[in-house]
Protein chains: 4
Amino acid sequence: MKAQVKKGALAYAMVGGGKGAFIGPVHRAAIRMDNLATLVAGCFTRDSKANAEVGASLGLAPGRVHPDWRDLIASEKGRIDFLAICTPNDSHFPIAKAALEAGINVMCEKPVALAAREALELERLARRERLLFGVPFTYSGYPMVKLARDLVRRGELGKICKVVVEYQQGSFRKIDFAKPLDRRNAWKMDPRRSGPSCVVADIGVHGAHLIEFITGLDILKVAADLSSFATGKRLDDDATIMMRLAKGAKAAMVASKIATGEENGLRVRIYGDKASLAWNVEEGNYLHIKSPFDPERIYKRNAPYVEGLSMASKRASRLPGGHHEGFIEALANHYRAFCMALRGESGCDFPDAHAGRRTIQFVDAVLASSRSDGKWVSLNACN
Amino acid sequence: MKAQVKKGALAYAMVGGGKGAFIGPVHRAAIRMDNLATLVAGCFTRDSKANAEVGASLGLAPGRVHPDWRDLIASEKGRIDFLAICTPNDSHFPIAKAALEAGINVMCEKPVALAAREALELERLARRERLLFGVPFTYSGYPMVKLARDLVRRGELGKICKVVVEYQQGSFRKIDFAKPLDRRNAWKMDPRRSGPSCVVADIGVHGAHLIEFITGLDILKVAADLSSFATGKRLDDDATIMMRLAKGAKAAMVASKIATGEENGLRVRIYGDKASLAWNVEEGNYLHIKSPFDPERIYKRNAPYVEGLSMASKRASRLPGGHHEGFIEALANHYRAFCMALRGESGCDFPDAHAGRRTIQFVDAVLASSRSDGKWVSLNACN
Amino acid sequence: MKAQVKKGALAYAMVGGGKGAFIGPVHRAAIRMDNLATLVAGCFTRDSKANAEVGASLGLAPGRVHPDWRDLIASEKGRIDFLAICTPNDSHFPIAKAALEAGINVMCEKPVALAAREALELERLARRERLLFGVPFTYSGYPMVKLARDLVRRGELGKICKVVVEYQQGSFRKIDFAKPLDRRNAWKMDPRRSGPSCVVADIGVHGAHLIEFITGLDILKVAADLSSFATGKRLDDDATIMMRLAKGAKAAMVASKIATGEENGLRVRIYGDKASLAWNVEEGNYLHIKSPFDPERIYKRNAPYVEGLSMASKRASRLPGGHHEGFIEALANHYRAFCMALRGESGCDFPDAHAGRRTIQFVDAVLASSRSDGKWVSLNACN
Amino acid sequence: MKAQVKKGALAYAMVGGGKGAFIGPVHRAAIRMDNLATLVAGCFTRDSKANAEVGASLGLAPGRVHPDWRDLIASEKGRIDFLAICTPNDSHFPIAKAALEAGINVMCEKPVALAAREALELERLARRERLLFGVPFTYSGYPMVKLARDLVRRGELGKICKVVVEYQQGSFRKIDFAKPLDRRNAWKMDPRRSGPSCVVADIGVHGAHLIEFITGLDILKVAADLSSFATGKRLDDDATIMMRLAKGAKAAMVASKIATGEENGLRVRIYGDKASLAWNVEEGNYLHIKSPFDPERIYKRNAPYVEGLSMASKRASRLPGGHHEGFIEALANHYRAFCMALRGESGCDFPDAHAGRRTIQFVDAVLASSRSDGKWVSLNACN
């Protein structure tokens, strides 16, 4: 894909990921895990003093800590191999677009844009410029999710009939948006920063991505019921979504920010006509397979002598079975694949601009359905 | 409710529950558990030889084994305290109606009728005749489900916002309807015997009952997507249902007969604004409570020294914690409450004609919604 | 085994099982489950008023409620098919012995005696008189424990190397022996009623029985460390036991009454050189099999289409998979087998006088080892 | 402790951790996680070509890839802040001793020595030279293990009575020592490389460390039964160990390499007279607390709004609850504490030479007991 293959250690810059941010520091730790790329520049926060402090603590030369992402792109163009975008939602699209236009490969947090047409623009731009565009949907980086996909591909589940996905978080039950400590999450409920959706754009997209990633089936249409229960009520914080997939399959999703007491309850079940699978990120080193004619089977991450574990799931593991891996390793898998692709390897397995665009179409279709009292809306109508 | 209070051991008759039947023998074992009523008459199957054999094996006098339920009602009128109806769906309503008209108290398997207006007729008839009418929705007989209801009532969850229910069975993936062994299940897919719905009427009703039982909130409207995946495709075998409940709450249900490899996957989660609860019948001796500010708590059945277990959940237990109880005990709880009510006790806790009728309205509304491509349909429109 | 085969319903009497007793009422419910035997006589408690009340509540004729077990045996000799003994430990041996001498078949709670030589006497007496002697070690009545034994027999685990059994209860942390409500448990810590051991004789015997039942290997020698932590300190309430089994296998057991917060934590793991199994009574409808070369497998009770479930485990099930069975059903399995044996069937599978005697030898050997500071003691030395 | 406080990034060297090694690469990834120290030198394997390749792949200057650990110490003395020792067991002691004598701080894999007197020598040497000596017992780096210790310290469990630890691995059932792929594990069964014990020195020491770490109670005496089941039978591969702890507490441990099908089954239960705790590394983000008077509680890693989580457990977390952390993060916690201590912070929490020595005394006492047929042996006798 990329014309110029990189040799040696890669250099990258980051936008976002300042003090108190959640995901930026996780990206940096994930990238360090395999030592494949070095942070050389950044624009971590709008507060110039804090920005400088973060840069210094990360060992950056002062001249490469930039006051604004536009400056960063202008200055670092040609000096970095990729840009990691870890800002709030509203700036994903402009930053990513500017970076691509400057010839910089991009790893951009989800949602990649606030509307499907923007996401489509990014996808086209990346293709035209022959640049890599990654979207770190962390959960498809888990070895057992790769195994899930591989078992479906191998036909072990038979024809896929029904998919059930839930993503239950209770975070909005903990946050007191009036408190300083909690204010840094407040942007998620602010339509100007978060976009027209909260729960669907923030976590529903993970569910939509996993459905298409694991089953290989497109989501065709959705019918949805969105709610807003938490303080403020400015954006959706709870969703129930019915789906029709390609080849006659159906799906159901519940996603919530007000699932009181839940932490990160992402659970996927796929029912084929021969067998079914179940994966729960909170027990993410395991994958369960059930069939009517066999005992339930539990595949375990990187159990090296077990028949049936796929190569992709083994390659995505760093430690032997029982020595559990988690969220950072899964994100590191996406970065490893992205970096290997930068170096010219083919067949690298990370979510790309297509995945980014599909999930934004999903968000748009869900919003359109909910606004029309649950009418079925086609994703293809959202472009 | 009942004018005439019964003294001493109670006598009952059963319709259905012949050889190979699933639920009839379970009813008989549940009734024996507390020794509160004695089987004295029955009509177990249409095959007269088999009918006589079952009766004999149960110690019945030959004269009280009846060839037809009409004969049974005519002969046993005044000689039995109640009739247990365990036949396929299509005969529930006519038998129950005839029994009530003959002045016989009734315990009738779900669905109590094939349409809401019939169910309403049974409810009115029982009220008018001052007869007891029970519907053995077994799952509300579990001690931890009673505790769930009591915790909601006590306000421990705060205001209820979202309910998620799933009832996943894979039974239609096992059955080869062509095989003699499996043919006894075939009626479930036959609209003449099963009625206009399979999965919703057979197991969806349990979910609907639990929602109203635990939360105390009425299901107001539904929007549904039904499918038929298994061989034959004569009736729905998979459902996704969105619901709006009273007081602004929402609910989602998935119910399936084609959830390959699942056994009896009934799981309920209730999210309030203070805490949430989770119950799974396959780990039915436990109830999980999660809140943002406390460790997750696991209540265990009949843990006698634990603060917070409700009296109703303790009274519904026979054995100390750790000595697990299951399905039969839960059903026995309904029969115990029913028998105590027959003996004149007040406050007995079993699902009644109202619960029976509500669940049929639910079935009718779901069918209407699915037929209209997922439009929201009110349960009150179904009478 | 029994010369005279019984026809029709069986009649039985019970000693023990008065108000507030735990196990007696469970025996009666278990016997009712399959309707194979009818309670016709009893001596439930020494308090004559309470004794009469219990008898009346169970529908017994007043003349068959006896003031003393000696009277019961004298009067009921020839009128009952078996006697169920549910008293505190100290009276098991004299009652069982007297019943056998009177020609009555016996189902006797564990421990069957307070010393191995007494247990041996019961075993010889039953054999000589050609009477059935059952010991309701409930846990070997669980279908998945029968499956465990059958998988070992079939060689699926290969050569058995190591067994780990734990039986963790916290009951002594809850009981305030000074309180009236709790006083009914106090006998367990009274050497005159309980015998020379509390925790080993009360629950350790279940562990010892399961080891020999599942593996088919005799326990040869033990080395033990007993403790007494709870109030009173009159008897052991905590045990760690190392064992050497036949054919070079080893075992470890921890058993405790002071495992604070545990309910009925009986867990068994068996490691063979090809595979291992794990069973936990608190998830008793499942059996886990692990091997180095296959995914972990979970066998589920009565999953009728699953290859590899043994006939014995299916026959010990009453309900389909997912409709969980528990403690009562397991005990009912022993009674069903016992009653079928009384009716002349061969191959009935219930723990007998041999199992009763082996477990008492185990208790004696453990006590001897602990008294000698952990020296290895042979079970054969205990007779 | 350390006289000279380090500023800026730290530099370290590694011995061991060549191609195919398990733990060395994990150490390097763990150190990178927090970016606190940079690898500058190493001696990875005896094969000089492979050694050079590993060094190059890690970006080391050729002059700092040393053919032998003696050369490394001689050359790097004064140029590195610490040495990480990741070789097979037999060389831990000589390398650690030489490093300390050269004034180099040491992080040394367990077992730190093959006999207690050597471990004592290391402890004294580190104290005398005022050097830091860390032993990466990874499991005490888990946040929930730190919480376990803190709950015990706070008195939430009351007086500790009984501890049960198991460490079940089935690795020796997978390995075919004759195969090249598996040969790299063969040293574990070779007394010349592994020392006089396999299972106790390799994983039993983790159990012993956790007992003392969590409870704060010394292991006083042990009585043990060691076995050798796997091919070769040169060293113990299975152990059952009874223990007497300080203040009258007791403990039991089972540790095995032949627990067929187990991956990394380290499970700890601590029973106090008020409550108990349970931790299982394979569900390591959770800690269970049970008491007789409360529902079971599940503490979850880094649940920021939950009362009762200790500061130490929060500080040992990098990601929010539900975003699971695993083995690498736990090891990284030890390195972070070690590096912070190098920088002069006080109160840093990592296992030190004392912990290293205590566990070797444990190994020696277990071996002595097993050789004397299970006699109780005091740890103090092993020096």
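The values are calculated or read from the model by the stated rules, or taken from the named source; none is laboratory data. Note that this is a predicted model, so its numbers are computed, not measured. Please note: Cβ atoms are built from the backbone with ideal geometry, for glycine as well, and neighbour counts cover all protein chains shown. Accessible surface areas use protein heavy atoms only, side chains included; no ligands, DNA or RNA. Shrake-Rupley method; radii C 1.70, N 1.55, O 1.52, S 1.80 Å.
Descriptive notes on the structure:
- For the pair B and D, total buried accessible area rounded to nearest 100 Å², probe 1.4 Å: 1100 Å²
- Per residue of peptide B:273-282, the mean number of Cβ atoms on other chains within 10 Å of the residue Cβ is 4.
- Using a Gaussian network model of chain A in which every pair of alpha carbons under 10 angstrom is joined by a spring, one finds that among A:Arg244, A:Arg318, A:Arg192 the greatest mean-square fluctuation is at A:Arg192.
- Ranking of C:Lys274, B:Lys188, B:Lys257 by solvent-accessible surface, largest first: C:Lys274, B:Lys188, B:Lys257 (1.4 Å probe, protein heavy atoms only, all chains present).
- Gained length - A:Ala186 relative to A:Glu156, 0.36 nm times residue gap less alpha-carbon distance: 6.4 nm
- Beta bridge orientation in chain D: antiparallel %, DSSP, nearest 5: 60 percent
- A simple rule links phi to the HN-Hα coupling: the Karplus curve 6.51 cos²θ - 1.76 cosθ + 1.60 with θ = phi - 60°, which for segment A:368-374 gives 5, 5, 5, 5, 9, 6, x Hz, with x for Gly and Pro.
- In Å², nearest 10: area of B:Tyr12 left accessible to a 1.4 Å probe: 10 Å²
- The mean sequence separation of alpha-carbon pairs under 8 Å and at least six residues apart, normalised by the residue count of chain B, gives a relative contact order of 21 percent.
- Shortest-first distances to equivalent copies, position A:Arg154, nm, label 7 Å out along Cβ: 2.3, 4.6, 4.8
- Of C:Ser346, D:Ser75, the order by accessible heavy-atom surface (1.4 Å probe, DNA, RNA and ligands excluded), from most exposed downward, is C:Ser346, D:Ser75.
- Total formal charge among the other residues, if their Cβ is under 14 angstrom from that of B:Ser317, Lys/Arg +1 and Asp/Glu -1: +1
- Proximity of backbone amide H atoms, modeled 1.01 Å from N, is registered between B:Lys162 and B:Lys250, B:Tyr271 at under 5 Å, excluding neighbours fewer than 5 places apart on the same chain.
- In the complete set of protein chains, residue-level accessible area for C:Phe293 is approximately 90 Å², probe 1.4 angstrom.
- Selected from A:Asp68, A:Asp202, A:Asp81 as most flexible by GNM, with chain A as the system and alpha-carbon contacts under 10 Å: A:Asp68
- Computed per residue of chain C from DSSP H runs no shorter than four, each worth -39500 (n - 2.57), the mean residue ellipticity at 222 nm is -9500 deg cm²/dmol.
- Each part gets one Cα centre, and for segment A:58-109 versus segment C:54-114 those centres are 86 Å apart.
- Rounded to whole Hz, the Karplus (6.51, -1.76, 1.60) HN-Hα couplings of segment A:120-130, x for glycine and proline: 5, 4, 4, 4, 5, 4, 4, 5, 4, 7, 6
- Euclidean distance of C-alpha centroids, segment A:319-383 and segment D:8-33, integer Å: 32 Å
- Heavy-atom accessible surface of segment A:261-325, averaged per residue, reaches 30 Å², computed with a 1.4 Å probe.
- Normalised contact order of segment B:32-86, rounded percent, pairs of Cα under 8 Å and 6 or more residues apart: 33 percent
- Net charge of Cβ neighbours under 11 Å - reference D:Lys250; Lys, Arg +1; Asp, Glu -1: +2
- Distant-in-sequence amide H partners of D:Ala11 (H built 1.01 Å from N, under 5 Å): D:Thr38, D:Asp81, D:Phe82
- Antiparallel bridge percentage (DSSP; both residues within the protein assembly as shown; nearest 5): 60 percent
- Using a cutoff of 8 angstrom between alpha carbon atoms and counting only pairs six or more residues apart, the relative contact order for segment B:329-383 works out to 24 percent.
- Projecting the Cα atoms of D:Gly204, D:Cys161, D:Ile80 onto the charge dipole of chain D, computed from C-beta unit charges around the Cα centre, puts D:Ile80 farthest toward the positive end.
- Cross-link partners of A:Lys77 among aspartates and glutamates, defined as those whose alpha carbon lies under 13 angstrom from its own and excluding same-chain residues fewer than eight positions apart: A:Glu101.
- Atom-type composition of the exposed protein surface of the protein assembly as shown places 50 percent of the accessible area on carbon and sulfur (1.4 angstrom probe).
- A simple count of charges around C:Arg371, restricted to other residues whose Cβ falls under 14 Å of its Cβ and scoring Lys, Arg +1 and Asp, Glu -1, yields -3.
- Area accessible to solvent at B:Arg154, 1.4 Å probe radius, in Å²: 110 Å²
- Teacher prompt: C:Gly347 distances to equivalent labels in other copies, 7 Å Cα→Cβ, nm: 5.3, 5.4, 7.1
- 3J(HN,Hα) couplings calculated from phi for segment A:166-175 with the Karplus curve 6.51 cos²θ - 1.76 cosθ + 1.60 (θ = phi - 60°) are, in sequence order, 10, 9, 10, 10, x, 4, 6, 8, 9, 7 Hz; Gly and Pro show x.
- Contact residues in segment B:309-339 (at least 40 Å² less accessible area with all protein chains than alone, 1.4 Å probe): B:Leu319, B:Gly322, B:His323, B:His324, B:Phe327, B:Ile328.
- Anisotropy class of segment B:265-318 from Cα gyration tensor, a/c 1.5 cut: oblate
- Each copy carries a label point for B:Pro88 at 7 Å from Cα along the beta-carbon vector; from one copy to the others these points are 5.9, 6.2, 7.2 nm apart, nearest first.
- Close amide H partners of B:Phe350, meaning residues 5 or more places away or on another chain with modelled amide H under 5 Å apart, do not exist here.
- Label-point separation in nm, B:Ser91 to D:Arg117, each point 7 Å along Cα→Cβ: 8.9 nm
- One residue of chain D places its C-beta nearer than any other to the axis carrying D onto B; that residue and its whole-Å distance are D:Arg297, 3.
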